[in-house]
Amino acid sequence: MEIKKFKRVLVANRGEIAIRIFRACKELGIRTVAIYSEEDKTSLFRTKADESYLIGKNKGPIEAYLSIDEIINLALKKGVDAIHPGYGFLAENPEFAKKCLDANLEFIGPSVEVLEKMGDKITSKQVAANAQVPVIPGIDRPIQRLEEALDFVKTYGFPIIIKAAFGGGGRGMRIVRNEDELVLALDRAKSEARKAFGVEDVFIEKYLESPKHIEVQILGDKYGNIIHLYERDCSIQRRHQKLIEYAPAFSLPTTLRERICQDALKLAKSVNYSNAGTVEFLVDQWGKHYFIEMNPRIQVEHTVTEVVTGIDIVQSQILISQGYPLDSEEIKISGQQDIKVNGYAIQSRITTEDPAQNFAPDTGKIDIYRTSSGFGIRLDGGNGFTGSIITPYYDSLLVKVTSFSRTFEDATKKGVRALKEMNISGVKTNIPFLINVLTHETFLKGMATTNFINENPELFN
Ligand code: ADP
């Protein structure tokens, strides 16, 4: 066992996740280093770190955070021990992870090999199938000819979904319901994939009608000890993007939840997974579960799992990277039996988007920013403060409101109360929409599927 204590950690990210990681570092007595783009000069997260440095001058708002060599050089110059990539940007980039290690900087995440395997949806499905974890029937190789898709449809029928192998964030997916649509859809999907993700590989699989999205949080150390922190229900989605997540997934039978957690563990163990990761599944109307992908990084919705298990996932990531085993004095998880789920937690993502304008992002200056608090509420803020400028360059997540209580119903009530207590003006937010979801009967019963928002237009009122 080799422990390499971190004195300084650089966060190669921005917004709420950067702040979340700085907090974890501070609690562990580690000095924090922020990077920021020119566009983020006045952003809040910068001021939450001990030091902050401009990066990617003249490169553009996104490219700045993708400047691999510049970030690594800065880290070396500033005496940094490790880099936390957050989510998005370079978080799942094996080249970045490898360059960090080559420069003798710890990459706070899984191994380069795991990032390579999990980076594309085709390879990760193969890994899951090899580990005997159920996957959605499909053609799990890049589709070359229309006939391959037609052959698949002969056996499995429509609808099918075409997916970009390297897609992410709900983008690069197309549902196809008949043969006429198929020809055009294949070509379009390929050219879209090439433009958006740089690789034109697409594959197809059976499209499940109204599934639930259930995912399992995994934590593994560097010595092969791997546990799960139970599941989250992330079925409340708009355009395949998550909006509200909760734990536990109480509406599913306990036996099914246990099977899903065991399958997640089986997959993680098969690749000797280390650090935090998430195994995602869809559950169909008949209660069958299928692996869809693994996210080898911290996720936006990790909060609900932290709240119900009491495990600080971000601190755990940093400690695991330093070489501490799960059962060390620092992490204090001696085995699966130590993980208990207490109560219910629901995370609502407040975005600067206008539900009345089909969720068009809103930008400008926030004139008033007053947040909620009180028993049962956790806030993970990004760039919200009175006078802050919301730019059009980045995703529109403003603050995450996590409510928790002993019953699900009470957690929804606390969530609604907290959302109503928020006072934000100057930019539009999706708060009214979130309240409509949290008070909807189907949601309250835990019965909402990934089609819930499409099926309930009254949520937009
Ligand atoms: P991304 O990496 O872009 O998040 P995922 O593969 O995780 O993409 O899928 C995101 C969402 O898309 C899922 O939660 C689900 O709502 C929908 N989806 C993906 N595959 C299927 C499928 N085969 N059938 C039905 N819905 C699907």
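Pick out the one residue from ALA97, ALA64, ALA12, ALA82 that is farther than 20 Å from VAL300 by Cα, crowded, with 21+ Cβ neighbours inside 10 Å and under 19 Å from the mean Cα position of the chain (by Cα).
ALA97
I'd like to check which strands (runs of 3 or more DSSP E) are fully inside region 182-245 and have at least 3 residues that are closer than 15 Å to GLN299 by Cβ, under 22 Å from the mean Cα position of the chain (by Cα) and modelled with pLDDT of 95 or more.
Answer list for region 182-245: 212-220, 226-238.
Given (1) part of a loop (DSSP other than H, G, I, E, B); (2) farther than 30 Å from ILE160 by Cβ, identify the lone condition not met by TYR87.
For TYR87, the exception is condition (2).
Collect the residues in region 335-379 that are of a type in the set (Asp, Glu), surrounded by fewer than 20 Cβ atoms within 10 Å (Cβ to Cβ) and modelled with pLDDT of 95 or more, keeping them in residue-number order.
Selection gives ASP338, ASP362, ASP367.
Mind listing whichever residues of region 100-116 are surrounded by fewer than 18 Cβ atoms within 10 Å (Cβ to Cβ) and within 16 Å of the ligand (Cβ to nearest atom)?
Residues satisfying the conditions do not exist here.
Specify the residue that is surrounded by the fewest Cβ atoms within 10 Å (Cβ to Cβ); the eligible residues are those in region 281-334 that are of a type in the set (Phe, Trp, Tyr) and within 16 Å of the ligand (Cβ to nearest atom).
TRP286
Condition first: closer than 19 Å to PRO110 by Cβ and either surrounded by fewer than 22 Cβ atoms within 10 Å (Cβ to Cβ) or within 12 Å of the ligand (Cβ to nearest atom) (or both). Can you find one or more residues in region 229-247 that meet it?
So far as region 229-247 goes, no, none of its residues is closer than 19 Å to PRO110 by Cβ and either surrounded by fewer than 22 Cβ atoms within 10 Å (Cβ to Cβ) or within 12 Å of the ligand (Cβ to nearest atom) (or both).
Give the number of residues within region 343-382 that are without any contact (Cβ under 8 Å) to a residue 60 or more places away in the chain and not in a strand (DSSP E or B).
Total satisfying the criteria: 8.
Out of curiosity, is PHE385 part of a loop (DSSP other than H, G, I, E, B), among the aromatic types (Phe, Trp, Tyr) and closer than 24 Å to ALA247 by Cα?
Judged against the criteria, PHE385 is not a match.
When you scan region 195-211, do you find a residue that is β-branched (Val, Ile, Thr), farther than 20 Å from TYR344 by Cβ, within 11 Å of the ligand (Cβ to nearest atom) and crowded, with 23+ Cβ neighbours inside 10 Å, even just one?
Yes, region 195-211 contains a residue that is β-branched (Val, Ile, Thr), farther than 20 Å from TYR344 by Cβ, within 11 Å of the ligand (Cβ to nearest atom) and crowded, with 23+ Cβ neighbours inside 10 Å.
The values are calculated or read from the model by the stated rules, or taken from the named source; none is laboratory data. Keep in mind the model is a prediction, meaning the values are calculated, not measured. Cβ: placed from backbone, ideal geometry, glycine included. Neighbour counts: every protein chain shown.
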